[in-house]
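Report on the following structure.
The values are calculated or read from the model by the stated rules, or taken from the named source; none is laboratory data. What you see is a predicted model, and the numbers here were worked out from it, not measured in a lab. Neighbour counts are summed over all protein chains in view; Cβ atoms, including those assigned to glycine, are modelled from backbone coordinates with ideal geometry. Just the protein is used for accessible areas: all its heavy atoms, side chains included, with ligands, DNA and RNA removed. Shrake-Rupley method; radii C 1.70, N 1.55, O 1.52, S 1.80 Å.
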Amino acid sequence: MIKNLKIKKTLLIIFTTVILSSFYSSKAFGFDWDSFLENLYHWNLTLQGNIYGDTYIYNDSLNTSFTVIDEYGDDYTFYINQNANHTKTSYMPLTLRIPLFYNDNLSIGFSSSQRYFQTKIFEEIGSITHDYDYDNLMGVAVGVYLSVKVLPRLWIFTTLGGAYYYLNTTADTLKPSWYGDPGLYWDGYFYEPGTPLKVRGETDYKFFFSIGMKYYIYSGIFLELTYYHFPGATINNMSYILEGPVDLKINVSPEKLPKPITIEESHVFTLGIGIGL
């Protein structure tokens with residue numbers, strides 16, 4: 001189940017773009033495999049690495065706990081450990097461009113860039129953590145791109161749109177209240193021991209743009225150099241959500257809520273390799 005409203009909206013935009021793109025590539029709006037595949041070949045997918053510019057994330061620390069009493073009177077205590085941060089973070093950028101119109105010298109369409117930040121802001125107390133156990137903290141930038149061929153193998157492009165950040169990570173898990181406890185019971189649902197307690201929050205959209213070039217080293221394979229302007233934003237008003245058959249929001253006093261997480265504005269150059277015509 002997709003639980004983040006902005007993710008739903010982004011996926012809806014992508015789905016709508018794919019449908020419109022399929023219509024464009026069809027013959028008289030009748031499905032044609034050759035036309036559809038021709039359009040698909042013009043999608044661009046690029047895996048990128050950061051070569052200049054840093055992204056900083058900072059937040060204060062929080063060590064707190066709260067207790068939830070279910071409808072049977074059983075009590076469940078959660079412990080929250082939010083690590084203080086004021087450091088640059090690494091991430092894996094990925095960009096997808098889907099054309100709505102293209103010819104031999106021009107392409108116009110929809111672009112989506114994702115940055116998966118490697119942070120450990122929240123840690124479950126007493127659990128075993130690994131180097132690869134990162135928060136689910138992500139930046140998403142969506143917009144419209146224009147790409148123009150300037151040399152037989154060289155294209156330049158620019159993207160204008162909006163970006164936002166969201167967090168959906170595990171802060172603790174539900175522990176049994178007593179031996180053999182089937183779990184927390186609320187409003188007709190059981191939440192079994194081991195159910196993750198999530199911290200969720202997101203920012204509003206901010207203006208985003210990028211400009212770059214791609215050079216084909218082989219048919220359908222290119223190198224891409226891109227400059228990104230990513231906006232700064234702060235994730236406020238985060239919530240504690242107990243996942244289950246129906247997500248349960250846990251209401252706590254303001255001082256027990258997670259501390260705001262700020263992603264600073266960044267100017268980043270990336271170098272990547274991509275596929276697509």
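Can you tell me how many residues within region 158-168 are open to solvent by 10 Å² or more (accessible area, probe 1.4 Å) and in contact with a Ser or Thr (Cβ under 9 Å, 6 or more places away or on another chain)? Of the residues in region 158-168, 4 are open to solvent by 10 Å² or more (accessible area, probe 1.4 Å) and in contact with a Ser or Thr (Cβ under 9 Å, 6 or more places away or on another chain).
Results for (1) open to solvent by 20 Å² or more (accessible area, probe 1.4 Å); (2) of a type outside the set (Ser, Thr, Tyr), shown as yes or no for each residue.
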residue	(1), (2)
Tyr58	yes, no
Leu62	no, yes
Glu71	yes, yes
Thr87	yes, no
Leu94	yes, yes
Asp104	yes, yes
Ile121	no, yes
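For region 170-206, taking the residues that are crowded, with 21+ Cβ neighbours inside 10 Å and among the hydroxyl-bearing types (Ser, Thr, Tyr), the one that is farthest from Gly276 (Cα to Cα) is identified as Tyr191.
For Ser210, the conditions (1) farther than 30 Å from Leu174 by Cβ; (2) without any contact (Cβ under 8 Å) to a residue 40 or more places away in the chain; (3) of a type outside the set (Val, Ile, Thr) are fulfilled apart from (2).
For region 73-85, the candidate set comprises residues that are over 25 Å from Leu137 (Cα atoms) and open to solvent by less than 40 Å² (accessible area, probe 1.4 Å); within that set, the residue that is farthest from the chain's Cα centre (by Cα) is Asp74. You will find that of Thr234, Thr169, the residue that is under 17 Å from the mean Cα position of the chain (by Cα), at pLDDT below 95, in the same structural domain as Ala141 (by the TED database) and more than 21 Å from Ile98 (Cα to Cα) is Thr169 and no other.
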